[in-house]
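A short reminder: the numbers here are calculations on the coordinates, not readings from a lab. Owing to the predicted nature of the structure, the values given are computational and were not obtained by experimental measurement. Here the Cβ positions follow ideal geometry from the backbone for every residue, glycine too, while neighbour counts run over all protein chains shown.
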Amino acid sequence: MSILRVLRPGPMVSVQDRGRRGLLSMGVSASGPMDPQSFALANALVANDPDCAVLEFAGLGGLFELTAPARIAVTGGSVAITIDGRSVDPWEAHEVKAGEPIEIGMLTDATWGYLAISGGIAVEPVLGARATHLRTGIGGLQGRVLQPGDELPLGAGAHAPCLHLAKPFTRPEGPIRIVPGPQDYYFDEDAWNILLSATLSISSKRDRMAMALDGAIIPSHRGHDIVSDGIAFGSIQVPGSGVPYVLTAERQTTGGYPKIATVASCDLPRLVQMTTGTRFTMVTVTRDEAEELLIAERRRLRAILEGIAPKPDFSFDSSTLLMKNLISGVILAEAEVQEAC
Amino acid sequence: MVRILDAGDQALVVEWAEHIDETVNAQVVRLAADLAASPIEGITETVPTYRSLLVCYDPEIIRGRILGERLLERAGRLDEAPLESRLWRVPVFYGGPACLDLDELAEMKGMSPADIVELHSSAEYRIYMIGFAPGFAYLGGLPEVLHTPRLQTPRQYIAASSIGIGGKQASINSVPGPSGWRYLGRTPVRPFDPQRAEPFLFRAGDRVRFFPISEREAEEYDRRVAAGESIVEPVSV
C-alpha cells in the first residue's frame, strides 16, 4: 500500500473528508473542510471521488513524501510549492515520484489550504467519516493534527492525466451577506446599527470551531443567555462580551448564547478564507435571497468542476511559449494563417 | 405558540417556547420522531433541543418558505399521546477525583454530603437534549434545593462521565473538556464511545435515575466496561 509520509507538517494539518453527517442530534458537528469549495476542487483535480479524504492545513503546509508515484493538487489560495525542488503551481495537478520531497509553503491570500493526493487518504472511518474532529479527538489520524513521522495510508488512484481549471477560481466580492436570526430580536436597532455600520476584521482568535470578529461590540437588550438551542454552520453568536463569533466546521451543536444572524452560505468559504486582520462589512439579505445566492454559487462551482480538463502537453506548451518569446508576432501570424488553411 | 425562526439559508428553527418545560420538550421530540417516520424531502438533519427543533435542509430540494409552512402544519397536528420513553438506571460513585464540589455544595445548602447524594439520586430526570459535545446529556428534573449557579471561573478539565449540576440543569458529561458546572461524582457508564456498536447511549426524551455505588463497585463496573460489556440497559416506560 502506498503511504504519505509526514516529514515536517505545518502547525495545524489534519485529515478531512466531506464531514460526518446525520449526527448533529447526538452532539457531533460534521467537521470536514472549512472551505468545502477548495476541498471539492482539490479532489477533482486529481480525479478523486468527491468524498475522498485530503489534508487541510492552516497557513503553512509542510514537507511530505510519498512511497509510490501519484498526482497531487493544492488548493485554497496562492502558495509556493516545490516537488523535488521544482516550483509548481496550486490549483492544478502534478505528478510526484516516490520519495520526492513535496514542500508546501505559507498561503499568502487565504487561510485554509488543501492537499489532495490521487487515491485519497485511506485512514479508517470513524462514525461514517474520515474527517478529523480535533475538539473531540475523533476521526483522521487518532483524532489529532499531524506530527513529524506520521504515516498515512493512501487509496488506489484512478488513472488520469494531470488536470487543471479551465479558468481561475474566484470568490464572490463585496460585503459579507448575513440572514438575521434566529435571535435577531435580542438585539435592538442600535445594536444592529453597530454590526452593520462597523468595519469588522478577522481576529487571530480562530480555529476550526469558531472565528472571533474584531471591530464591533454588540449589546443585547435582553441579555446574552438563552435556553440552549441548535447551531447552524455560520451562526453568529454573541456572548456576554458582545464580541461576535462565527461558528464553523467543529462548532458545538447547541449553545446558550443568542445568535444575531447566520452568514449566507455563498459567502462562508470567502469569510473563513480571509486572512487574519482582513477588513470587511456585513449586509443583511433575506433567507429567500440567501437561498438564491447559494443555488447560484453551487451552479458556478459545478461549472468550474465540469470545466476541469487535462493540462496541455508540457513539451508542446513550453516550446510554443519559447517561440512566442523569441519571435512572437511573426509566428503568431503564421500560426493563424496555417490554422485558417 | 409555535413559530419559525431563520437560521440562515440551510436551516430553520421550529420554536415552541423560550423556557425549559417538559411538555414543550415532548413536542420537540414528537416532531423529530414524526419527521423521522415520514420525512419531508429536502430535510437533511434535525436537532431536538430544550424548546425547539433545528431543521437543516437543502434549498435546492425544498425552499425554506415552503418547508416552514409544512413544519408548522406538522407541528400543529402532532399526536398528543404520551411517547414511549426509555428509563436508564445509571450508577454513580459520589466520591474520588470527579467529586469536586459535593462538600462545598453541602455547605452552601446547609446539608450533609449524604443528604445531597440522597436528593440527587432520588429524582427522576428527563434528557431534554443531547448537545454541545458528542453524547452529552442535558437533564431536567433536578430537585430545586440542588439548583446552584455555575462557577465564576470554569475549570479547564472535567473528566468524561462526570455527573454535574449547572443552574437548574443536571448533566451526564460524555467527553473530557472545560466546564463551569459543579460536579458530584462519576459514572462508569460511557455515554459516548465511537468504537462501540451503538456509539451513543442516550437520546432526547429518555429518562434517567441515578443510584449510588461504592468505589469498589465503580471499579468493578470499570473493568466490565473496559472488557466491552454493557453495564446498563434501558427499560421502556
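Could you tell me the relative contact order of the range A:136-240? Use alpha-carbon pairs under 8 Å, at least six residues apart, and round to a whole percent. It would help to have the intermediate numbers written out before the result.
Values: 55 pairs, mean separation 18.3, N = 105.
Contact order relative to length: 17 percent.
From Cα pairs below 8 angstrom and at least 6 apart in sequence, can you work out the relative contact order of the range B:86-236, rounded to a whole percent? Spell out each step's value before the answer.
On the way: 345 pairs, mean separation 52.2, N = 151.
35 percent.
In Å and on Cα atoms, what radius of gyration and Dmax does the range B:3-76 show?
Taking only Cα atoms of the range B:3-76, I get Rg and Dmax of 11.3, 35 Å.
Counting pairs on different chains as well as pairs 8 or more places apart, how many Lys pairs in the protein assembly as shown have Cα atoms under 23 Å apart?
Values: A:Lys97/A:Lys311; A:Lys167/A:Lys311; A:Lys167/A:Lys324; A:Lys205/A:Lys259; A:Lys259/B:Lys168; A:Lys311/A:Lys324; B:Lys109/B:Lys168.
For the protein assembly as shown, the number of qualifying lysine pairs is 7.
Kindly put B:Arg3, A:Arg177, B:Arg190 in sequence by how many other C-beta atoms sit within 10 Å of each C-beta, fewest to most. Intermediate values should be presented prior to the final figure.
Details: B:Arg3 13, A:Arg177 21, B:Arg190 18.
With the fewest neighbours first, B:Arg3, A:Arg177, B:Arg190 line up as B:Arg3, B:Arg190, A:Arg177.
Can you give me the C-alpha center-to-center distance between the range A:179-222 and the range A:48-86, rounded to a whole angstrom?
Centre-to-centre (Cα) distance: 35 Å.
For helix A:287-306, what angle does its Cα long axis make with the longest principal axis of chain A, in degrees from 0 to 90 and rounded to 10?
Around 10 degrees separate the two axes.
Taking H as built 1.01 Å from N, whose amide H comes closer than 5 Å to the amide H of A:Val243, not counting residues under 5 places away?
Hits under the 5 Å cutoff: A:Ile218.
Assign one of three labels to the range A:163-245, namely rounded, prolate or oblate, based on the Cα gyration tensor with a ≥ b ≥ c the square roots of its eigenvalues; rounded applies when a/c is under 1.5, prolate when it is not and a/b is larger than b/c, and oblate otherwise. Don't skip to the answer; put the middle values down first.
Values: a/c = 2.15, a/b = 1.85, b/c = 1.17.
Here the range A:163-245 falls in the prolate category.
Tell me, what ³J(HN,Hα) does each residue in the range A:187-197 have, in order and in whole Hz, if you take phi through Karplus 6.51 cos²θ - 1.76 cosθ + 1.60 with θ = phi - 60° and put x for Gly and Pro?
After applying 6.51 cos²θ - 1.76 cosθ + 1.60, I find 10, 7, 4, 4, 4, 5, 4, 4, 5, 7, 9 Hz.
For the range B:187-237 and the range B:92-156, write down the distance between their C-alpha centroids in whole Å.
18 Å
So how do B:Phe200, B:Phe192 line up by other beta-carbon neighbours within 10 Å, fewest first? Numbers along the way, then the final one.
Values: B:Phe200 21, B:Phe192 26.
Final ranking by Cβ density, sparse to dense: B:Phe200, B:Phe192.
Explain nothing, just the number: relative contact order of chain A, from Cα pairs under 8 Å at least 6 residues apart, as a whole percent.
Working: 814 pairs, mean separation 63.3, N = 341.
Contact order relative to length: 19 percent.
Taking chain A as the reference, fit the longest principal axis to its C-alpha atoms, fit the long axis of helix A:314-340 to the helix C-alpha atoms, and give the angle between the two in degrees, 0 to 90, nearest 10.
80 degrees
To the nearest 10 degrees, how steeply does helix A:36-45 sit against the main Cα axis of chain A, on a 0 to 90 scale?
Helix A:36-45 sits roughly 20 degrees off the main axis of chain A.
When you have a sec, figure out the Kirkwood radius of chain B from all distinct Cα pair distances and drop it here in Å to one decimal?
Details: mean 1/r = 0.0524 Å⁻¹.
One decimal place: 19.1 Å for the Kirkwood radius.
Which of the three applies to the protein assembly as shown, rounded, prolate or oblate, going by the alpha-carbon gyration tensor with a ≥ b ≥ c and a/c under 1.5 meaning rounded? Show your work: numbers first, answer last.
Working: a/c = 2.23, a/b = 1.70, b/c = 1.31.
Verdict is prolate for the protein assembly as shown.
Under the rule a/c < 1.5 gives rounded, and otherwise a/b versus b/c splits prolate from oblate, where does the range A:148-207 land using the Cα gyration tensor? Mind dumping the intermediate values first?
Details: a/c = 3.17, a/b = 2.15, b/c = 1.47.
In terms of gyration-tensor shape, prolate.
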